[in-house]
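Worksheet: one structure, shown below.
The values are calculated or read from the model by the stated rules, or taken from the named source; none is laboratory data. Source: prediction; values computed, not measured. Here the Cβ is made from the backbone with ideal geometry for all residues, glycine too, and neighbour counts use every protein chain on show.
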Amino acid sequence: MKRVAIIFMLLTISAATFCASGTSVPDTLRLLSIANSYGQDAVEQNLHEIALADGHVMIIGNMYIGGCSLERHWNNAAADSATYSYRKVSAEGIHTNTKGVTLGSSLKDEPWDIVVFHQASALSGKPETYEPYLTDLLRYARARTPKKCRMMLNQTWAYAADATHPAFPDYDRNQQKMYDALCDAYRAEAKKHRLSLIPSGTAVQNSRASYNGDNVTRDGYHMHWWFGRYLVACTYYEAIFGKDVTGNAFRPQNLSAERTLLAQKCAHAACMHPFTVTDVKAGPDYFSRYVASLEMTPHIREYTLPDALTMKDGSRVDTPEKWFGSRRPELLELFETEMFGKAPGRIDGTTWDVIEEDRNALGGKAVRKQVKIDFNRNGRYITVLMYLPAGAAGKVPVFMGLNFEGNASVSTDPGILYPTHSHAKAYGVYTAPARGAQAERWPVEEIVSRGYGIVTFHTSDVDPDFDDGFRNGVTPFIFKEGQLYPEPDQWGTISAWAWGMSRVMDYLETDPDVDACRVAAIGHSRLGKTALLAGARDERFAMVVSNCSGCCGAALSRRDYGETVESIVHLFPHWFCGNFFKYARDVDSLPFDQHELLALVAPRPLYVASAEQDAWADPTGELLSLQEARKVYDFLGLDRGLTGYHIHEGGHGITLTDWTHYMDFADRYLK
Ligand code: GCU
């Protein structure tokens with residue numbers, strides 16, 4: 001017994017040395033994964049790039065059948081069944097997908113250096129489900145691969161604590177229990193077959209123990225498009241090459257530097273301690289910085305703002321023609337390519353239908369209309385909710401803005417439609433709001449009583465507000481065949497929301513009750529950033545209102561106060577385009593600052609509002625920014641009154657008091 005144990009130890013150590021020394025790593029390393037969707041998460045993206053950044057070329061194959069267990073793989077091998085999608089990444093990083101492939105032929109397709117197996121997630125913690133299938137599969141694979149080919153086992157991961165996976169009850173819906181069970185099963189199999197292990201499941205647990213929390217999956221069990229997939233690829237890299245992945249130069253688009261490093265540290269710690277969760281002690285402490293910012297006294301950071309009236313080539317903007325003809329387009333282009341990402345125009349085939357209308361709503365005070373703007377693509381449509389003053393003599397001016405929680409959150413009016421079940425499902429994450437949950441932000445009756453209409457729609461209709469890798473919103477509309485993510489200058493979520501405002505404007509131009517020449521774009525907070533971009537981009541908006549829009553809205557980035565560019569791209573990477581990330585730690589290199597976004601609204605009326613206790617949004621930075629933007633209004637010879645400002649008592653929010661200021665202001669320009 002003792003002798004067997006010693007021989008086993010020696011073999012394991014030599015396997016580890018073989019891996020860690022790196023001496024046996026061939027020029028091009030060929031890895032075949034025999035897996036399921038977890039294999040897709042693990043090897044199809046990032047791994048090739050991580051290896052390349054460290055000077056290694058990889059050819060990667062992934063034999064894919066959704067949910068496939070070891071038993072099914074073995075049955076497929078025995079029956080030589082051609083049921084796999086054989087997904088491959090070539091040495092040049094080109095992706096192909098061949099359907100109807102057998103296991104036998106994939107094993108012969110390349111002189112593989114490594115073949116990786118894993119159990120289906122649902123069965124991963126059930127040791128009795130591994131055998132005899134793994135034994136059979138290993139024998140089968142060894143007979144078809146070069147002698148030097150290493151067989152490895154990928155430790156799959158436990159589900160998110162709130163996962164709805166049908167197999168989760170088998171583990172009493174307990175993440176720790178699932179993790180412990182799968183550790184035991186993989187450890188026993190690795191030992192039995194003398195396989196080295198890729199400790200992905202532990203890397204995932206490490207990240208859960210960090211500031212990242214349980215935000216590593218996208219649906220409770222598959223890896224998050226950016227962070228989770230990268231984390232697992234890092235684990236593969238280090239386990240295969242035996243090189244510390246920390247510091248690897250490849251960084252996936254839309255993953256901040258901090259989370260990239262966090263993933264690397266979690267992967268590295270897992271490779272060091274494959275069955276123990278490690279506190280990797282990583283992380284910027286943005287949230288405590290946030291709390292601290294609430295009490296912060298303004299600090300003065302030295303900065304020089306770019307001059308709105310100087311062109312990129314250094315020449316002076318000396319005439320209004322040069323502003324409108326050259327500088328304005330130049331600045332807009334910079335905001336689009338470097339911060340928010342470019343959006344398309346109208347989508348061919350878009351239709352609109354008034355799906356509900358009540359000309360006697362809110363006890364006779366308002367006309368309520370609900371309009372479906374259907375892009376007839378990917379099932380995406382916007383449901384617009386409108387309240388217009390009842391009995392208006394002609395077309396009315398309106399305020400248009402997105403809402404955070406769904407149209408039904410705007411008022412307790414029972415006539416507001418709820419999203420259909422399938423539509424809500426397409427949002428990815430969505431909890432139907434209580435009717436009127438955000439009614440305080442939308443004083444509808446007061447607004448219509450002053451002669452204005454309200455036009456609103458839900459962010460999720462355009463792009464749900466979370467980092468899902470740009471799958472579930474309108475963003476894929478512009479992707480070319482095979483494109484998975486926006487290009488570095490293509491739209492992020494804020495740009496998509498602002499685009500949505502323009503599409504609603506297209507409809508308003510046809511509505512007989514609305515004066516499309518008197519539409520004010522309005523938004524609070526992230527939606528204030530959106531309103532500014534919509535107004536800058538689409539000159540059909542006759543006025544723009546930004547309420548507590550803060551960082552990347554009205555506030556100056558270079559002050560680096562409250563929320564900073566570094567923290568916003570970390571917390572909300574999906575809001576921006578890929579090009580923006582390079583400025584995270586170098587705001588001084590931004591080719592613009594936010595006063596120039598405000599200036600793009602000229603010559604139209606612009607209103608900025610802040611809140612006294614909203615240090616996170618840097619009220620001073622918002623005011624200074626507006627003052628700078630006024631220089632452009634002055635230069636254009638415009639009335640100073642066209643730029644309004646107030647700061648309300650209290651914190652981050654929008655209330656009737658703010659709306660009253662906006663309507664008073666609008667009375668001057670939209671009435
Ligand atoms: C966060 C975020 C801000 C944003 C705000 C909001 O605080 O950091 O940038 O403006 O949410 O939209 O409420």
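Scanning the range 599-611 for residues that are more than 16 Å from the ligand (Cβ to nearest atom) and either buried (at least 17 other Cβ atoms within 10 Å of the Cβ) or charged (D, E, K, R) (or both) gives Ala599, Leu600, Val601, Ala602, Arg604, Pro605, Leu606, Tyr607.
Residues in the range 72-104 that are crowded, with 18+ Cβ neighbours inside 10 Å and of a type in the set (A, V, I, L, M, F, W, C): Trp74, Ala77, Val89, Val101, Leu103. On inspection, Ala554 qualifies as within 12 Å of the ligand (Cβ to nearest atom) and either touching a residue at least 60 places away in the same chain (Cβ under 8 Å) or not hydrophobic (A, V, I, L, M, F, W, C) (or both).
Matching residues to (1) within 16 Å of the ligand (Cβ to nearest atom); (2) in contact with a strand residue (DSSP E or B) (Cβ under 8 Å, 6 or more places away or on another chain); (3) at pLDDT 95 or above:
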| position | (1), (2), (3) |
| --- | --- |
| Met296 | yes, no, no |
| His299 | no, no, no |
| Thr304 | no, no, yes |
| Ala308 | no, no, yes |
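Yes or no: Ala542 more than 11 Å from the ligand (Cβ to nearest atom), touching a residue at least 40 places away in the same chain (Cβ under 8 Å), crowded, with 21+ Cβ neighbours inside 10 Å and more than 27 Å from Asp468 (Cα to Cα)? Spelling it out, it is not the case that Ala542 is more than 11 Å from the ligand (Cβ to nearest atom), touching a residue at least 40 places away in the same chain (Cβ under 8 Å), crowded, with 21+ Cβ neighbours inside 10 Å and more than 27 Å from Asp468 (Cα to Cα). Within the option set Ser549, Ser567, Ser525, being buried (at least 24 other Cβ atoms within 10 Å of the Cβ), among the small types (Gly, Ala, Ser) and within 16 Å of the ligand (Cβ to nearest atom) holds for one residue only, Ser549.
Here Ala82 clears all of (1) free of Cβ contacts under 8 Å to residues at least 60 places away in the same chain; (2) touching a Gly at 6+ places or on another chain (Cβ under 8 Å); (3) farther than 22 Å from Gly67 by Cβ except the condition numbered (3).
When residues in the range 151-203 are screened for being assigned to a helix (DSSP H, G or I) and under 30 Å from Arg139 (Cβ atoms), 21 of them pass. Considered as a group, the residues in the range 409-436 that are modelled with pLDDT of 95 or more and of a type in the set (A, V, I, L, M) include one that is nearest to the chain's Cα centre (by Cα), and that residue is Val410.
Among the residues of the range 441-453, which ones are surrounded by fewer than 23 Cβ atoms within 10 Å (Cβ to Cβ) and either modelled with pLDDT under 95 or not in a helix (DSSP H, G or I) (or both)? Passing the criteria: Pro443, Arg450, Gly451. When the test is whether a residue is on the phi > 0 side of the Ramachandran plot and touching a residue at least 40 places away in the same chain (Cβ under 8 Å), Gly406 passes it.
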